[in-house]
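*Asks:* Take a look at the following structure, please.
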């Protein structure tokens with residue numbers, strides 16, 4: 001059976017034709033411009049490919065409420081051309097297939113749980129730390145949705161005692177994203193993250209915020225594994241700092257062999273999939 | 001079909017015989033003493049009742065990992081007689097029925113979603129604010145579990161600017177439970193919650209902490225309704241304070257008609273079930 005998949009990202013749309021085993025046969029990358037420019041190119045690629053269903057992992061916020069009448073519609077976003085664009089409806093109409101949409105981070109979590117670093121567990125969380133901070137999760141075998149999709153990057157965090165940075169989130173100021181995403185790092189220290197490797201305080205502060213977030217995710221969602229991706233996590237030394245902070249903050253409260261100092265490095269891990277994670281996860285939505 | 005249900009609480013065990021429609025035919029209340037005293041009375045009640053399955057909503061922490069070999073075993077708890085007691089295994093052996101165990105708060109969420117104030121939604125969260133703070137959730141039609149059960153009462157919160165209380169949680173000091181459970185109220189103000197009604201600052205501080213928790217739950221879990229129970233929430237005026245704080249803290253970030261100032265009073269609500277919530281929810285585990 002042929003299935004379609006789209007990773008609808010902020011800079012590019014990755015479109016692929018695959019099958020129910022997660023195999024990808026053909027792929028194309030289309031730049032993200034206005035919908036009137038990008039979407040016709042998407043439709044051209046999929047035309048006459050014989051796909052039966054389409055999975056889409058999209059940038060957001062996007063309406064995922066299947067009962068509301070605006071399922072798969074992009075909501076308010078800084079990409080003004082896309083505000084209110086009915087992504088799922090437009091694809092369904094133009095390609096005449098059923099469409100399942102989810103967030104890019106939920107799809108990444110799904111992808112890791114099916115083909116990446118969380119195939120051995122039932123519940124996992126994927127967090128990306130880059131220009132923004134977003135996280136998705138797989139719970140009871142399905143991606144996590146409810147009222148809307150989660151916005152885990154915007155939880156509150158407690159300030160590091162040596163940090164006086166006001167925070168960079170336009171909605172909340174010093175929420176997690178406002179304190180720990182790439183732009184916050186750059187605004188706080190006056191340089192991009194990649195140029196900051198020499199100062200241990202930079203990473204101590206960063207790990208302090210990210211570990212707090214992970215601890216809250218553990219208390220609230222209880223994932224069996226946490227996968228951390230995104231540009232900031234390219235600083236691989238951050239992993240051990242975060243792991244140590246998480247163990248310290250939990251203070252032995254959650255009884256699990258996975259959360260001991262010996263095993264935490266198999267609990268908080270890097271992604272197992274690289275380039276194709278997004279588009280494979282989108283495919284996973286319709287398998 | 002006859003089904004058994006046990007609400008295993010810190011002060012009492014409520015045992016009931018019911019059916020697959022949630023109807024309860026017979027009920028008994030047994031004080032929680034040591035397992036050697038309490039459990040024989042439980043077994044005596046269920047003997048010869050012809051039950052085919054047993055659902056148990058238990059105090060915790062309790063092991064819910066079905067793959068680990070110690071499913072349904074009580075973990076470390078201040079009730080030292082119960083530490084390591086194999087609750088599920090002991091019931092299964094003595095009554096010769098399959099046993100499904102979950103936390104008291106997950107079971108309360110399940111109960112509200114089936115018969116209480118969340119029957120019209122798919123994802124809900126139940127939080128109890130009393131001697132401790134605990135929360136459970138129903139996601140994709142099932143109670144929320146993963147690595148372990150959630151421990152949502154222990155998330156980090158940001159201090160109210162007029163509050164210098166150190167916090168009362170033995171594990172984390174000033175986590176949510178350490179700042180906002182009944183004992184924290186009493187330790188901070190020198191009087192039990194029920195005697196504190198005259199001072200607005202008491203409730204402003206309390207609402208500040210509880211609203212932060214709700215906002216984090218919304219960002220991480222995206223429940224379609226939040227139900228607040230427990231002794232502290234008997235102060236009914238707290239509801240409006242919490243609702244107002246939640247709307248202010250979200251600052252319009254999550255697009256949902258349920259989170260507007262007009263609708264928030266139908267989003268954050270009191271429980272719909274009273275006395276039988278726990279035991280009915282336990283029954284719900286095996287329906």
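*Asks:* Compute a Gaussian network model of chain B, connecting alpha carbons closer than 10 Å, and tell me which residue from B:244, B:67, B:41 fluctuates the most.
*Replies:* B:67
*Asks:* With n ≥ 4 as the cut-off for DSSP H runs, can you work out [θ] at 222 nm for the protein assembly as shown, using -39500 (n - 2.57) per run divided by the number of residues, rounded to the nearest 500?
*Replies:* It lands at -9500 deg cm²/dmol.
*Asks:* Also, quick follow-up: Label-to-label distances across copies for residue A:9, with labels 7 Å out along Cα→Cβ, in nm, shortest first?
*Replies:* The projected label point of residue A:9 is separated from its counterparts by 5.3 nm.
*Asks:* Averaged across B:123-131, how many Cβ atoms of other chains sit within 10 Å of each residue's Cβ atom?
*Replies:* Mean inter-chain Cβ contacts per residue within 10 Å come to 1.
*Asks:* Right, here's the next one. Taking residue B:265 in one copy and the same position in all the others, each labelled 7 Å out along Cα→Cβ, what are the pairwise distances from the first, in nm, shortest first?
*Replies:* 5.7
*Asks:* Give the average over all directions of the projected area of the C-alpha convex hull of the range A:153-287, one decimal, in nm².
*Replies:* 9.6 nm²
*Asks:* Something else: If you rank A:111, A:255, A:222 by fewest surrounding Cβ atoms within 10 Å, what's the result?
*Replies:* A:255, A:222, A:111
*Asks:* State the extension gain, in nm to one decimal, for the chain segment bounded by residue A:158 and residue A:1, taking 0.36 nm per residue of separation less the distance between their alpha-carbons. Walk me through the intermediate numbers first.
*Replies:* Values: separation 157, 0.36 × 157 = 56.52 nm, distance 4.98 nm.
Going from the current span to full extension adds 51.5 nm.
*Asks:* Would you mind ranking B:217, B:43 by Cβ crowding within 10 Å, fewest neighbours first?
*Replies:* Working: B:217 23, B:43 15.
Lowest count first: B:43, B:217.
*Asks:* D for chain A, whole µm²/s, Stokes-Einstein with Kirkwood Rh over alpha-carbon pairs at 25 °C and 0.890 mPa s: what number?
*Replies:* My calculation gives 126 µm²/s for D.
*Asks:* Please label the shape of the range A:1-127 as rounded, prolate or oblate, based on the square roots a ≥ b ≥ c of the eigenvalues of the alpha-carbon gyration tensor (a/c under 1.5 means rounded; beyond that, a/b larger than b/c means prolate, else oblate).
*Replies:* Oblate.
*Asks:* So how do A:250, A:185 line up by other beta-carbon neighbours within 10 Å, fewest first? Before the final figure, lay out each step's value.
*Replies:* Details: A:250 21, A:185 25.
Ordered by Cβ neighbours within 10 Å, fewest first: A:250, A:185.
*Asks:* How many Cβ atoms of partner chains, on average, are near each residue of B:217-230 if near means within 10 Å of its Cβ?
*Replies:* Rounded to a whole number, the mean comes out at 5.
*Asks:* Could you tell me the distance between the Cα centroids of the range A:22-60 and the range B:1-56, to the nearest Å?
*Replies:* Their Cα centres are 56 Å away from one another.
*Asks:* Another one. Classify the protein assembly as shown: rounded, prolate or oblate, from the alpha-carbon gyration tensor (a ≥ b ≥ c, eigenvalue square roots; a/c under 1.5 rounded; otherwise prolate if a/b is larger than b/c)?
*Replies:* Details: a/c = 1.73, a/b = 1.36, b/c = 1.27.
Verdict is prolate for the protein assembly as shown.
*Asks:* Next question. Most fluctuating residue of A:271, A:35, A:257 in a GNM of chain A with Cα springs under 10 Å: which is it?
*Replies:* It is A:257.
*Asks:* Which whole number of Å³ per residue matches the convex hull of the alpha-carbon atoms in the range A:94-219?
*Replies:* 164 Å³
*Asks:* Between copies, how far apart are the residue B:195 label points? List them in nm, one decimal, shortest first, with each point 7 Å from Cα toward Cβ, please?
*Replies:* 6.1
*Asks:* Express in whole angstrom the spacing between the alpha-carbon centres of the range B:213-284 and the range B:121-145.
*Replies:* Their Cα centres are 11 Å away from one another.
*Asks:* Could I ask something else about it? Gain in length, residue B:275 to residue B:81, computed as 0.36 nm per residue apart minus the alpha-carbon separation, to one decimal in nm?
*Replies:* Working it through step by step, the gained length comes to 67.2 nm.
*Asks:* Work out the mean other chain Cβ neighbour count within 10 Å for the residues of B:248-257 and drop it here as an integer.
*Replies:* 5
*Asks:* Normalising by the residue count of the range B:153-276, find the relative contact order in percent from Cα pairs under 8 Å and 6+ residues apart. Please list the in-between numbers first.
*Replies:* Numbers: 132 pairs, mean separation 26.1, N = 124.
In percent, rounded to a whole number, it is 21.
*Asks:* Run the numbers on chain B and let me know its relative contact order in percent, using alpha-carbon pairs under 8 Å that are six or more apart.
*Replies:* 21 percent
Values quoted throughout were computed directly from the atomic coordinates according to the rules given, and no laboratory measurement underlies them. As the structure is a computational prediction, the values presented were derived from the model and not from experiment. Quick reminder, even Gly has a Cβ in these numbers, built from the backbone with ideal geometry, and neighbours come from all protein chains shown.
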